[in-house]
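To keep things clear, I will list the structure first and then write my remarks on it.
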Amino acid sequence: MALSHNLGFPRIGRDRELKKALEAYWRGELSEVGLRSTGQQLRATHWQVQKEAGIDLLPVGDFAWYDQVLTHSLMFGVIPERFRPKSGKPTLETLFAMARGTVAAEHGSSCCGGAHAQEMTKWFDTNYHYLVPEFTRDQQFALSWEQLFEEVKEAIALGHNVKPVVIGPLTYLWLGKAKGEEFDRLELLESLLPVYGEVLQRLAGLGVEWVQIDEPILSLDLPQDWKNAFERAYNLLQRDPLKKLVATYFAGLEDNLGLAASLPVDGLHIDLVRAPEQFPGILDRLPAYKVLSLGIVNGRNVWRTDLNQALEILQQAQERLGDRLWVAPSCSLLHSPVDLGREDRLDEELKSWLAFAVQKCEEIAVLTLALNDPNNSQVQAALELSRSVQATRAASPRIHKPEVQARLAAVTARDSQRHSPFETRIKLQREHLQLPLFPTTTIGSFPQTSAIRLARQSFKAGKISEAEYTEAMYSEIRHAVEVQENLGLDVLVHGEAERNDMVEYFAEQLDGYAFTRFGWVQSYGSRCVKPAVIYGDLSRPKAMTVEWIRYAQGLTNKVMKGMLTGPVTMLMWSFPRDDISREQQARQLALAIRDEVVDLERAGIRIVQIDEAAFREGLPLRKAQWNNYLNWATEAFRLCASGVADETQIHTHMCYSEFNDVIESIAAMDADVITIETSRSDMELLDAFEAFDYPNEIGPGVYDIHSPRVPDTREMVQLLRKAARRIPAQRLWVNPDCGLKTRGWAETEAALVNMVVAAQTLRKEFA
């Protein structure tokens, strides 16, 4: 009998219950007992939902209070000295301090000082963020956090058949960073493995049969010493109890296929959505005793699975594997919204094309049932419905638009080039803008207050008129401009009060996008995003931001930036179509944004920022595929940015990315100014810009907006001095590391006061 299982389920809840509970706890409005009760209720609900959908083996350990990598750091005792509790035993406060930073005790508020949060970066090529483990050469590992075992007990007590999920030892070490003196993280493997052994022993003692060990780095280009370490590690781990399923995802195994297939474990999971080509090869290489889990349902997108096509593949596998075949999503459903059944405002035809986490579990279950009982009437009905859905979608006239295709066909190479090289442009821009050395600015957004959210909700509900809503937003813009002028910032922004999200706001004004009410996905901690769905060809019917920015510019004599989201980020932070390439969708978006850039210039806006926060995120995991992506991604940015005169300055912003490998492509984007996150990494990311001699201007983020702590001026000055040792002072800007929408006004103003003083200090030093 084939078996169905899931690699992980969204933890935030249908109504974002976890987000709301976390934020209430951080505000002091919910006790730890209340927070833990919410978590327990969510876990019980999610296990039951999966069981009722037909999943045989349920994941446990996929729940996290902030991030699953951070949970493992606590479990293994990897707690930096600055967060180590005096009692020696970590608590929830320890966990949240590592994630969010701490406030200096002597101030009792978010004034100054405290410990900075751990570095945060993207989980492989997703929009999920994890907290980077910090390792020291003398790192001591010890089983220090009981969460996994407590949750296994919960699930078993509820009568569930469970499969605990842990991050594998090699992936965990790979995800971390050496702190202090440099050393090879692999040196820590021998001392880490005994803790894994303890984990497996404890789980076996609870009656567990199978454990899922996630090793997604097997889908990367691994150095030979890391490949060798896999063999060594799993030869040691095979002595410990439990049947072990090693899970890989997000890409194909390729040159690691033989290594993964031969590991001394009881099962292997592969991603057939991202890498269907690895299917025949794995059947030939898999030992006769080993279970093969096929990730046949897309865990990262929202389109229904073509059940008939998937079943053909599974039937081929079943002929070879028999009962050793498991059916699963491609990866954890963490990256999918929770339940399509909640959507009561979606167009019915479009809704019939979609599947969220609950529905994906149902698809996995029906495919498993089709293998075990092919003549079942439920199976036959599901297969027939799938045929109908696929045919209807393919034939729908709303998807393909001849005018969009014709415009794309007319694009030439010249359309992706600025009129003059940067050296010429920057002279004109400096003369035109008249900015001081170390010019100060922000990334774009200011706090999204409860008043802003209420006005938006009231407008959408028809409780206030469009004129009343517009005046409410104008009032917020006036406030943002007044605050910035009082602070002494050099380049202002309008604050983005009218924007619900940096992608959704634009997507709502483009043809070819659809929107959900409850399609929330966790990005990090309590931060959730609601990606729009690209269902058809994309175009801009009318201007999207011009009137808001024009109004803001009319309030001040200072330079006002126009704020846009770039084509690659629009694509990566949406659920894209699966019937045409990402490149085609990016080019359609680029032309739509190009029209907006040109309209902003016509309205008198002299700086336009086109955020490409997801540029690095979109990079394929395998280097052999990099060039193709980088070529079309940089071309898409240039296409949207190159319709303006030399005097118009183009900015872009990128956050939480490792730039070293793609610095030449970032330079090829040819933005006049790039702003980046560097504060959590203590300016380490600027090493890439120094080594490459990046030619254009740079704004390294001088403080971390994802933490409530407010760094003092001295801290920012030190970071800027580090930056000035790498980048010539005349090419440096001063800014936070990201937008300020998630912060409150008090901490925002306090931090920006310190930032402006830091810039003034540097101007005196470099005068």
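The values are calculated or read from the model by the stated rules, or taken from the named source; none is laboratory data. Given the structure is predicted, the values throughout are model-derived calculations rather than measurements. FYI the Cβ positions are ideal-geometry reconstructions off the backbone, even for glycines, and counts take in every protein chain you see. We work out accessible area using only protein heavy atoms, side chains counted, and drop any ligands, DNA or RNA first. Shrake-Rupley method; radii C 1.70, N 1.55, O 1.52, S 1.80 Å.
Assorted remarks:
- Flag not set for Gly114, criterion: open to solvent by 10 Å² or more (accessible area, probe 1.4 Å), in a loop (DSSP other than H, G, I, E, B) and modelled with pLDDT of 95 or more.
- Identity of the residue in region 122-167, assigned to a strand (DSSP E or B) and more than 30 Å from Asp56 (Cβ to Cβ), that ends up modelled with the lowest pLDDT: Lys122
- From the list Gln522, Gln509, the lone residue that is surrounded by fewer than 17 Cβ atoms within 10 Å (Cβ to Cβ), within 24 Å of the chain's Cα centre (by Cα) and within 30 Å of Gln585 (Cβ to Cβ) is Gln509.
- Restricted to region 323-347, and to residues there that are within 17 Å of Ile534 (Cα to Cα) and at pLDDT below 95, the residue that is surrounded by the fewest Cβ atoms within 10 Å (Cβ to Cβ) is Arg345.
- Any hit, region 459-476, residues being assigned to a loop (DSSP other than H, G, I, E, B), modelled with pLDDT of 95 or more and open to solvent by less than 10 Å² (accessible area, probe 1.4 Å): no
- Any pair with Cβ under 8 angstrom, 6 or more apart, that starts in region 140-167 at a residue that is closer than 13 Å to His72 by Cβ and ends at one that is assigned to a strand (DSSP E or B) and of a type in the set (D, E, K, R): Val165/Asp214; Val166/Asp214; Ile167/Asp214
- In summary, Lys89 fulfils each of the numbered conditions (1) surrounded by fewer than 18 Cβ atoms within 10 Å (Cβ to Cβ); (2) free of Cβ contacts under 8 Å to residues at least 40 places away in the same chain; (3) not aromatic (Phe, Trp, Tyr) with the single exception of condition (2).
- The number of residues in region 477-506 that are open to solvent by 10 Å² or more (accessible area, probe 1.4 Å) and of a type in the set (Val, Ile, Thr) comes to 1.
- For region 708-740, a residue qualifies if it is assigned to a helix (DSSP H, G or I), open to solvent by 10 Å² or more (accessible area, probe 1.4 Å) and within 19 Å of Asn696 (Cβ to Cβ), and the qualifying residues are Ala724, Arg725, Arg726, Ala729, Gln730, Arg731.
- Criterion (of a type in the set (D, E, K, R), farther than 27 Å from Gly536 by Cα and open to solvent by less than 60 Å² (accessible area, probe 1.4 Å)) met by exactly one of Arg425, Arg393: Arg425
- Pairs with Cβ under 8 Å, 6+ apart, first in region 189-215 and closer than 18 Å to Leu175 by Cα and in a helix (DSSP H, G or I), second open to solvent by less than 50 Å² (accessible area, probe 1.4 Å) and at pLDDT below 95: Tyr196/Asp240
- Pairing residues of region 396-409 that are polar (S, T, N, Q) with residues that are surrounded by 13 or more Cβ atoms within 10 Å (Cβ to Cβ) and assigned to a loop (DSSP other than H, G, I, E, B), at Cβ distances under 9 Å and at least 6 apart in sequence or on separate chains, gives Ser396/Trp353.
- Annotation: of all residues in region 741-767 being charged (D, E, K, R) and in a helix (DSSP H, G or I), the one that is surrounded by the fewest Cβ atoms within 10 Å (Cβ to Cβ) is Lys764.
- Test: residue in region 255-274 that is surrounded by 20 or more Cβ atoms within 10 Å (Cβ to Cβ), assigned to a strand (DSSP E or B), of a type in the set (A, V, I, L, M, F, W, C) and without any contact (Cβ under 8 Å) to a residue 40 or more places away in the chain: yes
- Subset of region 411-422 that is touching a residue at least 12 places away in the same chain (Cβ under 8 Å), more than 17 Å from Trp632 (Cβ to Cβ) and not basic (Lys, Arg) - its residue that is most open to solvent (accessible area, probe 1.4 Å): His419
- In this entry, Val358 is excluded by the filter for residues that are in a loop (DSSP other than H, G, I, E, B), of a type outside the set (Gly, Ala, Ser), on the phi < 0 side of the Ramachandran plot and surrounded by 20 or more Cβ atoms within 10 Å (Cβ to Cβ).
- Checking each residue in region 216-254 for being under 26 Å from the mean Cα position of the chain (by Cα), free of Cβ contacts under 8 Å to residues at least 40 places away in the same chain and either within 17 Å of Leu175 (Cβ to Cβ) or not in a loop (DSSP other than H, G, I, E, B) (or both) picks out Leu222, Pro223, Thr248.
- Subset of region 153-165 [of a type in the set (A, V, I, L, M, F, W, C) and surrounded by 22 or more Cβ atoms within 10 Å (Cβ to Cβ)]: Ala155, Val162, Val165
- Qualifying residue in region 64-82 (condition: among the charged types (D, E, K, R), buried (at least 16 other Cβ atoms within 10 Å of the Cβ) and under 30 Å from Leu367 (Cα atoms)): no
- Of residues in region 215-254 being of a type in the set (Lys, Arg) and touching a strand residue (DSSP E or B) at 6+ places or on another chain (Cβ under 6 Å), the one surrounded by the most Cβ atoms within 10 Å (Cβ to Cβ): Lys244
- Residue within region 323-344 that is within 18 Å of Leu385 (Cα to Cα) and either without any contact (Cβ under 8 Å) to a residue 40 or more places away in the chain or hydroxyl-bearing (Ser, Thr, Tyr) (or both) present: yes
- Residue list for region 697-744, filter: among the small types (Gly, Ala, Ser) and within 21 Å of Val673 (Cα to Cα): Gly699, Gly701, Ala723, Ala724, Ala729, Gly739
- First in region 657-676 and over 18 Å from Tyr629 (Cβ atoms) and without any contact (Cβ under 8 Å) to a residue 12 or more places away in the chain, second anywhere and among the β-branched types (Val, Ile, Thr) and part of a helix (DSSP H, G or I), Cβ under 7 Å, 6 or more apart: none
- On the stretch given as region 43-83, residues that are in a loop (DSSP other than H, G, I, E, B) and more than 25 Å from the chain's Cα centre (by Cα) total 4.
- Residue in region 470-492 that is more than 30 Å from Ala759 (Cβ to Cβ) and not polar (S, T, N, Q) present: yes
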